[in-house]
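The values are calculated or read from the model by the stated rules, or taken from the named source; none is laboratory data. Predicted model only: the values in this text are computed from it and were never measured. Every residue, glycine among them, receives a Cβ derived from its backbone with ideal geometry; neighbour counts consider all protein chains shown. Note: accessible area is taken over every heavy atom of the protein model, side chains too, but ligands, DNA and RNA are not part of it. Shrake-Rupley method; radii C 1.70, N 1.55, O 1.52, S 1.80 Å.
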Amino acid sequence: MSQKILLTSKEVNIILHRLACQLIEKHLDFTDTILIGIQPRGAFLAKRLKVMLEEEYQVSNISIGYLDITFFRDDFRRTGKPLEANKTDIDFLVEDKKVIFIDDVLFTGRSIRSALTAIQSFGRPSAIELLVLIDRRFSRDLPIQPDYRGRQVDAINNEKVSVCWAENEGEDAVYLIRN
């Protein structure tokens, strides 16, 4: 198994700033916009973007939630190992709000399909957008594309993209891992 660094900490930071600016351009003051981190890995990116928007761009009153999609996945009964659910933390309705799903890697699109189903429990959003740090563009099983992407990666099926966050793995980096 070998790994290659795709993004360093500095590059991740530059991309996060670009994504934050793109969000501001489209959503201005975020009064009708909600950030939803898809558990578990999208939560780190959502938290980081919220802090950046508030502290570095002075955007206040950003609503953020975290959505667990474990039991909404179409493959959750197909695995031999027991699944570990994460916590859904959405303490507001999404009715008539603009929802931005946030995840670290867009691969097959099945997680996003699951999130589209799961979010309906909290109301009917007026619009849903997708922000991802990494878009694996040649791997889609479903016709799902991001509205905001940090970096597009052409990885083949036996390769894995691993996103590391300082809060979890001790560094901000993205690796391409070959088996």
Legend entry - Selection within segment 146-155 - touching a residue at least 40 places away in the same chain (Cβ under 8 Å) and crowded, with 17+ Cβ neighbours inside 10 Å: PRO146, TYR148, ARG149, GLY150, VAL153
Inset, instruction - Identify the single condition in (1) open to solvent by 20 Å² or more (accessible area, probe 1.4 Å); (2) under 14 Å from LEU6 (Cα atoms); (3) not aromatic (Phe, Trp, Tyr) that PRO143 does not satisfy, given that it satisfies every other one. - result: (2)
Inset, instruction - Output the qualifying pairs, or none if there are none: Cβ atoms under 6 angstrom, residues six or more apart or on different chains, first residue in segment 156-179 and more than 13 Å from GLU11 (Cα to Cα) and open to solvent by 50 Å² or more (accessible area, probe 1.4 Å), second residue at pLDDT below 95 and hydroxyl-bearing (Ser, Thr, Tyr). - result: ARG178/SER2
